[in-house]
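Novice: Here it is: the structure, laid out below.
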Amino acid sequence: MRSLWTSTTGMSAQTLNMDVIANNLANVSTSGFKKSRPDFQDLLYQIMKMPGAPTSTDTTSPTGIQVGLGVKPAAITKIFTEGDIVQTGNTLDVAIEGSGFFQVTMPDGNTAYTRAGNLKLDGTGRITTSDGYPIQPEITIPEDARNVHISDTGVVSAILGDSTTSTELGNIDIADFINPAGLIAIGKNLFRETESSGAPLVGTPGANGIGTLLQGYVENSNVNMVEELTQMITAQRAFEINSKVITTSDQMMQTVTNMV
């Protein structure tokens, strides 16, 4: 019976849907996290009668007979809407208001990208991520620096030693992409570019449509718990209904068997 295999694809699809929902909810408190959404497509159709097939010498079938064979996952899309921006008061917490990513140098020398702006200092004074990966371009805060300030355009400055004037220490550049959903997530709040994302468009915060920076704030996850719980209930009911179809199909087969 087709319904057995069709419902099996439905149960598999809802299992994947639950996997995505679980990951979204698990990261509801992850800074800079972007939720995912699964996209599904219907499978091939078994055409028993073509639409437009002749039914008599002068009439045709208006719809034909097409029996669907189930569903398959087509994509899991990252949704890059901006999360809530929360004040922390921490000097090195920086949120991006608008589009863009911080650039991060990985241990292998390649560049990764992140929206998580909960930055830190390593033992040499470099500004890094929570895993110690330095941001690009590399900026070092001297040991005698005080009153560190990060402007909305990315200029990092501080008062050094006994000086009474501020000294510029570097600039934080922001990278943007034509298709952020095409980035590949590698964990640790990091993404890498792909052919689908396009090459990074690096620039000064606030220029050419790139977002600006906000010191003392972090961007929270953009996961909406109420929405995810609603999706979870829908997925659960869809899974149950598909399992019920399998049970009903089995009962129908049993009925036929008992007639023999």
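Novice: Please state which of the following conditions GLY132 fails to meet, knowing it meets all the rest: (1) at pLDDT below 95; (2) farther than 18 Å from GLY187 by Cβ.
Specialist: Only one criterion in (1) at pLDDT below 95; (2) farther than 18 Å from GLY187 by Cβ is unmet by GLY132, namely (2).
Novice: Say we look at segment 81-104 and pick out the residues that are of a type in the set (S, T, N, Q) and within 21 Å of the chain's Cα centre (by Cα); which of these is nearest to PRO205 (Cα to Cα)?
Specialist: By that ranking, first place goes to SER99.
Novice: Which residue, of VAL20, VAL94, VAL67, is of a type in the set (A, V, I, L, M), open to solvent by less than 70 Å² (accessible area, probe 1.4 Å) and modelled with pLDDT under 95?
Specialist: Going through VAL20, VAL94, VAL67 in turn, just one is of a type in the set (A, V, I, L, M), open to solvent by less than 70 Å² (accessible area, probe 1.4 Å) and modelled with pLDDT under 95: VAL67.
Novice: Of the conditions (1) surrounded by fewer than 12 Cβ atoms within 10 Å (Cβ to Cβ); (2) within 24 Å of the chain's Cα centre (by Cα); (3) of a type outside the set (Val, Ile, Thr); (4) outside any loop (DSSP other than H, G, I, E, B), ALA13 fails just one. Which one is it?
Specialist: Of everything listed in (1) surrounded by fewer than 12 Cβ atoms within 10 Å (Cβ to Cβ); (2) within 24 Å of the chain's Cα centre (by Cα); (3) of a type outside the set (Val, Ile, Thr); (4) outside any loop (DSSP other than H, G, I, E, B), ALA13 misses just condition (1).
Novice: Write out, first by first residue and then by second, each pair whose Cβ atoms fall under 9 Å of each other, whose residues are 6+ apart or on separate chains, and whose first residue, in segment 220-246, is within 23 Å of VAL28 (Cβ to Cβ) while the second is open to solvent by less than 80 Å² (accessible area, probe 1.4 Å) and of a type in the set (Phe, Trp, Tyr).
Specialist: Taking only residues 6 or more apart or on different chains, the pairs are ASN220/PHE33; SER221/PHE33; ASN222/PHE33; ASN222/PHE80; VAL223/PHE33.
Novice: Return the pair list, or none, for Cβ contacts closer than 8 Å from residues in segment 186-200 that are surrounded by 15 or more Cβ atoms within 10 Å (Cβ to Cβ) to residues that are of a type in the set (Lys, Arg), at least 6 apart or on different chains.
Specialist: Close Cβ pairs (under 8 Å, with a partner that is of a type in the set (Lys, Arg)) amount to ASN189/ARG115.
Novice: Looking at THR57, is it over 30 Å from VAL20 (Cα atoms), modelled with pLDDT of 90 or more and either open to solvent by 20 Å² or more (accessible area, probe 1.4 Å) or in a strand (DSSP E or B) (or both)?
Specialist: So THR57 does not fit the description; no.
Novice: Here's another thing I want to ask about it. Regarding segment 212-222, can at least one residue be identified that is in contact with a helix residue (DSSP H, G or I) (Cβ under 6 Å, 6 or more places away or on another chain) and either open to solvent by less than 40 Å² (accessible area, probe 1.4 Å) or not aliphatic (A, V, I, L, M) (or both)?
Specialist: No, there is no match, as no residue in segment 212-222 is in contact with a helix residue (DSSP H, G or I) (Cβ under 6 Å, 6 or more places away or on another chain) and either open to solvent by less than 40 Å² (accessible area, probe 1.4 Å) or not aliphatic (A, V, I, L, M) (or both).
Novice: Next question, about the same structure. Would you pick out the residues in segment 42-54 that are among the hydrophobic types (A, V, I, L, M, F, W, C) and open to solvent by 80 Å² or more (accessible area, probe 1.4 Å)?
Specialist: The answer is LEU44, ILE47, MET48, MET50.
Novice: Enumerate the pairs (first residue in segment 2-18 and without any contact (Cβ under 8 Å) to a residue 40 or more places away in the chain; second residue anywhere and open to solvent by 50 Å² or more (accessible area, probe 1.4 Å)) with beta-carbon separation below 9 Å, excluding pairs fewer than 6 apart on the same chain, so at least 6 apart or on different chains.
Specialist: Filtered contacts from segment 2-18: SER12/LYS72; SER12/PRO73.
Novice: Starting from segment 153-181, keep only residues that are open to solvent by 40 Å² or more (accessible area, probe 1.4 Å), then list their pairs with residues that are at pLDDT below 95 and among the acidic types (Asp, Glu) whose Cβ atoms are within a distance under 6 Å, requiring at least 6 positions of separation or different chains.
Specialist: What qualifies is LEU160/ASP144.
Novice: Another question about this same structure. Of all strands (runs of 3 or more DSSP E) completely enclosed by segment 124-193, which ones contain at least 1 residues that are closer than 28 Å to ILE76 by Cα?
Specialist: Correct list: 174-176, 184-187, 190-192.
Novice: Mind checking which residues of segment 127-152 are crowded, with 18+ Cβ neighbours inside 10 Å and charged (D, E, K, R)?
Specialist: Within segment 127-152, no residue meets the criteria.
Novice: Next question. Could you identify the single residue in LEU229, LEU160, LEU214 that is modelled with pLDDT of 95 or more and closer than 28 Å to LEU92 by Cα?
Specialist: LEU214
The values are calculated or read from the model by the stated rules, or taken from the named source; none is laboratory data. None of the values given here were measured: they were computed from a predicted structure. Every residue, glycine as well, gets a Cβ built from its backbone with ideal geometry; the counts of neighbours run over all protein chains shown. Keep in mind that these areas ignore ligands, DNA and RNA; they rest on the heavy atoms of the full protein, side chains included. Shrake-Rupley method; radii C 1.70, N 1.55, O 1.52, S 1.80 Å.
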